[in-house]
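The values are calculated or read from the model by the stated rules, or taken from the named source; none is laboratory data. Keep in mind the model is a prediction, meaning the values are calculated, not measured. Here Cβ is always computed from backbone atoms with ideal geometry, including for glycine, and neighbour counts include all displayed protein chains. Side chains included, ligands, DNA and RNA excluded: accessible areas come from the protein's heavy atoms. Shrake-Rupley method; radii C 1.70, N 1.55, O 1.52, S 1.80 Å.
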Amino acid sequence: MARELTFRIFRFNPDQPDVKPRLQDYRLTEEPGMTLFVVLNKLREEQDPSLRFDFVCRAAICGSCGMLVNGRPTLACKTLTKDLPAVTTLMPLPVFKLLGDLSVDTGVWFREMSLRTEAWIHTDQVFDPNAEEERMDNAVALQIYEAERCIECGCCIGGCATANIKPEFIGAAGVNRVARFMLDPRDKRSDAEYFEVVGTEEGVFGCVGLMACDDNCPVGIPLRDQLAYVRRKMAAAGWKLRRRAPAARA
Amino acid sequence: MVYLQKALARNPRVDFLVELVQMVSGLLLVVFLWTHMLFVAAIWLGVGAFNALAHFMDQYRLLPATVVFLVLVFCAHIGAVIRRVPRQWQEQKIVWRHAKLIRHADTWSWLFQAVTGAAILALAIVHMAVVSYAGINAGLSSMRVHDGFLAFYAALLLLSEYHASVGLYRVFVKWGWVRRSSLKRVLGAISVLTVAIGAITLGIFYSLGAQA
């Protein structure tokens with residue numbers, strides 16, 4: 001027997017601030033293999049064309065459909081209704097700019113984070129288009145790839161209590177990004193230079209270790225390990241900074 | 001982003017150092033807590049053993065030294081952690097709402113950390129004042145535990161063990177190396193053990209107080 005499912009969906013349009021945010025109930029019959037992607041599109045097509053939410057790839061690659069499913073930050077396209085109770089609450093991710101209903105703008109946040117962490121290869125080597133590409137050790141490449149798997153869905157940021165109260169905090173996504181460049185032998189930044197970027201309350205030392213990021217990453221990046229890696233590296237760099245402090249101040 | 005206040009306050013290491021102070025002071029407090037637990041458990045061996053230990057501590061001025069140590073470490077720990085407690089009403093509302101929203105156990109335990117920390121501070125001040133004023137011996141302790149202070153000590157025991165266990169968990173989580181699930185198991189077991197030791201100690205004092 002197919003279940004009747006209820007979806008309690010957050011409704012709010014920032015362009016109509018007089019209409020208070022509310023939860024609206026929708027009902028539909030469960031189908032085999034149904035995901036939240038299917039549910040939301042069905043609801044929009046058949047019941048309420050005004051419902052706003054984001055999807056692009058529907059295969060956990062684009063990172064557009066991050067939302068709170070019964071409170072848990074995750075990707076809607078990856079969530080099967082068979083794993084959900086009869087009543088499911090859907091809310092947009094916190095922290096990010098709310099565009100309406102379940103739709104948020106993660107792009108502005110991630111762009112800002114990329115700029116602040118200077119998420120590009122820092123090198124003074126001049127690019128020679130005719131030269132053979134430099135080879136990289138396979139083990140290093142795999143380590144970098146682990147961090148690169150981030151799809152910027154924002155689930156780690158939405159779930160983070162610190163990011164919720166401190167807009168400047170770069171969160172697990174930011175620290176993971178920095179970890180990626182730390183591992184990359186082509187990036188010539190010294191640990192002291194990285195310390196400038198992440199050795200602060202806005203960076204890795206702002207993390208209080210609640211691990212909602214680690215518990216909720218939809219693509220399973222070991223965020224706790226990435227955070228700890230950067231923390232240890234930055235602690236070592238911060239410790240060494242002491243000895244050079246007088247020279248640096250001059 | 002740099003603006004005037006940030007440019008003026010520029011000491012790149014300060015956040016790292018405060019984090020270090022928080023961790024080291026926290027670890028010292030845990031070491032103290034467990035040592036304290038074992039010392040008080042000297043009552044298991046009898047009133048004589050407990051009083052001998054108390055006398056030893058008194059003789060070598062270890063009691064006032066401990067009080068000074070505690071005041072210093074407590075102040076360092078409070079000074080460091082206070083920056084993490086959501087201060088403004090606005091922030092408080094957000095974190096409590098957030099914890100309810102995402103139903104995440106580790107987020108809840110962090111909120112409890114702030115609450116239990118504040119409660120421990122209040123109780124510990126009373127406890128230290130009483131002990132410093134009256135001195136330590138088995139007769140006084142059993143009298144206190146029997147005549148009205150049992151709930152006070154039970155609360156202090158549970159709160160401090162909980163706070164220490166969650167605090168240790170966070171330190172290990174932040175710095176890595178140990179798996180989170182094994183960490184929870186080991187720390188859970190240690191907490192149960194220490195609370196049990198403390199409870200038995202309180203029980204002995206209570207019965208001694210009843211006999212007196």
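The ratio of the alpha-carbon radius of gyration of region A:4-104 to the globular-protein estimate 2.2 N^0.38 Å is 1.00. FRET efficiency for the B:VAL14 to A:ARG135 pair, using the beta carbon distance and R₀ = 30 Å, is estimated at 0.15. The alpha carbon convex hull volume per residue for region A:117-249 rounds to 132 Å³. In chain B, helical runs assigned H by DSSP with n ≥ 4 each contribute -39500 (n - 2.57); averaged across all residues and rounded to the nearest 500, the mean residue ellipticity at 222 nm is -28000 deg cm²/dmol. Please find, in a Gaussian network model of chain A (springs between Cα atoms separated by less than 10 Å), the residue of A:ASP128, A:ASP137, A:ASP225 whose mean-square fluctuation is greatest. Comparing A:ASP128, A:ASP137, A:ASP225 in the GNM, the peak value goes to A:ASP128. Where both bridge residues fall in the protein assembly as shown, DSSP classifies roughly 85% of the beta bridges as antiparallel.
Each Lys and Arg contributes +1 and each Asp and Glu -1, all at the Cβ; summed about the Cα centre of region A:4-104, the dipole is approximately 280 debye. Buried area at the A:B interface is about 3300 square angstrom, summed over both chains, from accessible surfaces computed with a 1.4 angstrom probe. Compared with the dominant principal axis of the Cα atoms in chain B, helix B:180-211 is inclined by about 30°.
The amide H of A:ARG52, built 1.01 Å from its N in the peptide plane, has A:LEU102 as neighbours under 5 Å, considering only residues 5 or more places off or on other chains. Based on protein heavy atoms only, region B:13-211 ends up with 53 Å² per residue of surface accessible to a 1.4 Å probe. Helix B:62-81 and the longest principal axis of the Cα set of chain B meet at an angle near 20°. Cα gyration tensor of the protein assembly as shown, axes a ≥ b ≥ c as square roots of the eigenvalues: rounded (a/c below 1.5), prolate (a/b > b/c) or oblate? Verdict is oblate for the protein assembly as shown. Cut-off 20 Å, label point 7 angstrom out along Cα-to-Cβ of A:GLU31: give me the residues of region A:52-91 whose amide nitrogen falls inside. Those under the cut-off are A:52-60, A:76-88.
Backbone geometry of region A:134-145 corresponds, through the Karplus equation with coefficients 6.51, -1.76 and 1.60 at θ = phi - 60°, to 3J(HN,Hα) couplings of 5, 8, 10, 4, 4, 4, 5, 4, 5, 5, 5, 4 Hz, x marking Gly and Pro.
Here r is the Cβ-Cβ distance between A:TRP120 and B:ALA212 and R0 is 51 Å; the resulting FRET efficiency, rounded to 0.05, is 0.10.
A Cβ-based charge dipole, computed about the Cα centre of region B:13-211 with Lys and Arg at +1 and Asp and Glu at -1, lands at about 880 debye.
When chain A is treated as a GNM with alpha-carbon contacts under 10 Å, the residue of A:GLN47, A:GLN226, A:GLN16 showing the greatest mean-square fluctuation is A:GLN16. Per atom type, the protein assembly as shown shows carbon and sulfur on 63% of its accessible surface, probed at 1.4 Å.
Placing unit charges on the Cβ atoms only, positive for Lys and Arg and negative for Asp and Glu, gives the protein assembly as shown a dipole magnitude near 940 debye about its Cα centre. The long axis of helix B:47-59 is offset from the longest Cα principal axis of chain B by roughly 60 degrees.
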